[in-house]
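The values are calculated or read from the model by the stated rules, or taken from the named source; none is laboratory data. Model, not experiment: these values are computed from the prediction. Using ideal geometry, Cβ is built from the backbone for each residue, glycine included, and neighbour counts are taken over all protein chains shown. The protein model used for the area step is the full one, side chains on, heavy atoms only, and it has no ligands, DNA or RNA in it. Shrake-Rupley method; radii C 1.70, N 1.55, O 1.52, S 1.80 Å.
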Amino acid sequence: MRCFHAPESLAHDPDFRITNGRVTRNAERAERGRLLLAGLDRLGLVPEAPPRCDDADLLTVHTPEFVAFLETAWTEWQKLPNAGAEVVPNTHPQKTRSTYPRHILGRAGWHLADPSAPIGEHSWTATRRAADCAVAAARAVLDGDPMAYALCRPPGHHSDADSASGHCLLNNAAIAAAHLRRHHERVAVLDIDVHHGNGTQAIFYDRADVLTVSIHADPMDYYPFFNGHAHETGQGAGEGYNLNLALPRDSGDGAWHDAIRQALARIAAFAPGALVLSLGLDAHENDPLRGLAVTTNGFQVAGEMIAAAALPCVMVQEGGYLSADLTDNLAAFLGGAMGKAPETFATDGAR
Ligand SMILES: [Zn+2]
C-alpha cells in the first residue's frame with residue numbers, strides 16, 4: 001500500500017491551547033507524527049513525499065480568503081506589538097457578522113473558530129504539504145491502487161470552507177474527496193474520528209454527489225458540541241446525504257463496530273466510485289482526549305471491515321493524540337485493512 005508523508009509537517013508543533021479555562025499544551029504535537037511513522041514502519045510501509053497539488057485542489061473546498069489567511073497570517077501576526085509566537089484569536093464575530101475585517105486580529109477571529117488551531121511559523125507549510133499528501137493518495141487510488149494512506153498533519157476534518165478549529169487547518173479529507181469527485185460521479189466520506197467531522201459535513205452539506213457519514217461521541221457533551229446530531233441530514237439537494245451516528249460516551253468496540261457496519265451499509269446503497277476515510281485514532285480507550293473506549297484490537301477489526309467494503313479507499317489521518325498506544329493503533333488499523341495478521345506487528349521487537 002502506498003503511503004504519503006511530508007517531512008516538513010514535523011516542523012508544525014503547535015503549543016497554545018485553553019482547557020477548562022487554563023492555558024495548556026496543544027495536543028497536536030509533532031511527536032504524533034513520529035509515533036504514526038513508527039506505525040507505518042512496523043508494517044514495513046515506507047512513506048513517499050508527495051508532489052505538490054494544484055492550488056485549485058484547495059480552492060474547490062476552501063474560500064480564497066481562508067487560504068490566503070493561512071498562508072500569510074503568521075508573518076502578519078509577527079508585526080503586531082509584543083506578538084506571541086502563534087496566531088491565536090481573542091475575538092470572534094457574532095452570528096450577525098457582515099463585514100470581512102482588514103486587521104489581522106479581526107481575520108484571526110473570522111477564520112479561527114476556537115483557540116485550538118494556533119498558527120505557528122511552520123503551520124502553513126505543514127498544512128499545504130498535508131493537503132499534498134491527501135491528493136497524492138487520491139491520485140494513487142485513481143491510478144488503480146485499492147487503497148492508499150496519507151499521514152496528514154495537521155488534521156483537517158473540523159475545518160469548513162472558511163474557518164479552522166480543533167487542531168485542523170486545511171480540510172485534507174474534503175480536498176481528497178473533491179479531487180476524487182472529478183473522476184467519479186459519487187464519492188463517500190466516512191469519518192471514524194472520535195469527534196464529529198463538522199467541517200467536512202458543512203462543506204458537502206447541500207450536495208447529493210458526496211455522501212458524508214460520521215461516527216463519533218455524542219456532541220451534546222463533547223467537542224465540537226454544535227453539530228453532529230442525528231437530525232442533521234443535509235439540506236437542499238443534499239437532503240438525505242449526511243448521516244451522523246453519535247454514540248454514548250465511553251462506548252466500546254461492540255457499539256463502534258455496529259455503527260461502522262451501519263455506515264458501510266448506507267455507503268454501499270449510495271454506490272460511490274471511491275471512499276475517503278477520515279481515520280482518527282482518538283476513539284481509543286487510552287487517548288488523552290478520550291470520548292469512546294475502542295481497543296487496539298477494535299481498530300484492527302475496523303480496518304478489516306473497511307477493506308471488506310471493497311471500495312477504492314483513500315485513508316486520511318485525522319486525530320489520535322499522544323499515548324503509548326498510538327503507534328500500535330495505526331499499525332493495527334492498517335494491518336487489518338491490508339489483511340496482515342496481528343502477530344505481524346504484535347511481536348515486533350521494537351515495541
Ligand atoms: Zn478527533
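Worth a mention:
- Taking Cβ atoms as reference points and 11 Å as the exclusive limit, the residues near Ala6 contribute a net charge of +1, counting Lys and Arg as +1 and Asp and Glu as -1.
- By the equivalent-ellipsoid construction on the alpha carbon gyration tensor, the stretch 44-195 comes out with semi-axes of 30, 17, 13 Å, ordered largest to smallest.
- Of the peptides 15-25, 152-162, 124-134, 300-310, the ranking by mean beta-carbon count within 10 Å, highest at the top, reads 152-162, 124-134, 300-310, 15-25.
- For the stretch 80-169, the Rg and Dmax computed from alpha carbons only, in angstrom: 16.0, 53
- Using the Cβ-Cβ distance between Arg266 and Glu304 with R0 = 22 Å, the FRET efficiency computed as 1/(1 + (r/R0)^6) comes to roughly 0.70.
- If R0 is 30 Å, the Cβ-Cβ spacing of Val23 and Gln78 corresponds to a FRET efficiency of close to 0.90.
- Separation in nanometres of the label points that stand 7 Å from Cα toward Cβ, at Tyr100 and Ala11: 2.8
- The chain: angle of helix 296-308 to the longest principal axis, Cα-based, in degrees nearest 10: 80
- For peptides 62-70, 251-259, 208-216, sequence by mean Cβ density within 10 Å, most packed first: 208-216, 62-70, 251-259
- Accessible surface of the stretch 73-193, 1.4 Å probe: 50 percent of it comes from carbon and sulfur atoms.
- Mean ellipticity per residue at 222 nm, deg cm²/dmol - from DSSP H runs of n ≥ 4 across the chain, formula -39500 (n - 2.57): -11000 deg cm²/dmol
- Multiplying the residue separation of His92 and Ala30 by 0.36 nm and removing their Cα-Cα distance gives an extension gain of 19.6 nm.
- Applying D = kT/(6 pi eta Rh) to the stretch 21-60, where Rh is the Kirkwood radius over alpha-carbon pairs, T corresponds to 37 °C and eta to 0.692 mPa s, the Stokes-Einstein value obtained is 244 µm²/s.
- Each eigenvalue of the Cα gyration tensor of the chain, multiplied by 5 and square-rooted, gives one semi-axis; in descending order these are 29, 23, 20 Å.
- The fraction of Cα-Cα pairs per 5 angstrom bin, counted from 0 for the stretch 202-335, comes to 2, 10, 19, 24, 21, 15, 7, 2, 0 percent, rounded to whole percents.
- On Cα atoms only, tilt of 172-181 relative to the major axis of the chain in degrees: 70
- Here the dipole of the stretch 139-254 is about 340 debye; that uses its Cα centre as origin and unit charges on the Cβ of Lys and Arg (positive) and Asp and Glu (negative).
- Portion, in percent, of the accessible area of the stretch 255-331 that falls on carbon or sulfur, probe 1.4 Å: 54
- For the stretch 236-351: accessible area per residue (Å², 1.4 Å): 35
- Percent antiparallel among DSSP beta bridges (both partners in the chain, rounded to 5): 15
- If R0 is taken as 35 Å, the Cβ-Cβ distance between Asp221 and Asp143 corresponds to a FRET efficiency of 0.20.
- Rounded, prolate or oblate (a/c below 1.5 giving rounded, otherwise prolate when a/b exceeds b/c) for the stretch 179-250 by Cα gyration tensor: prolate
- Degrees, to the nearest 10: 64-77 long Cα axis against longest axis of the chain: 60
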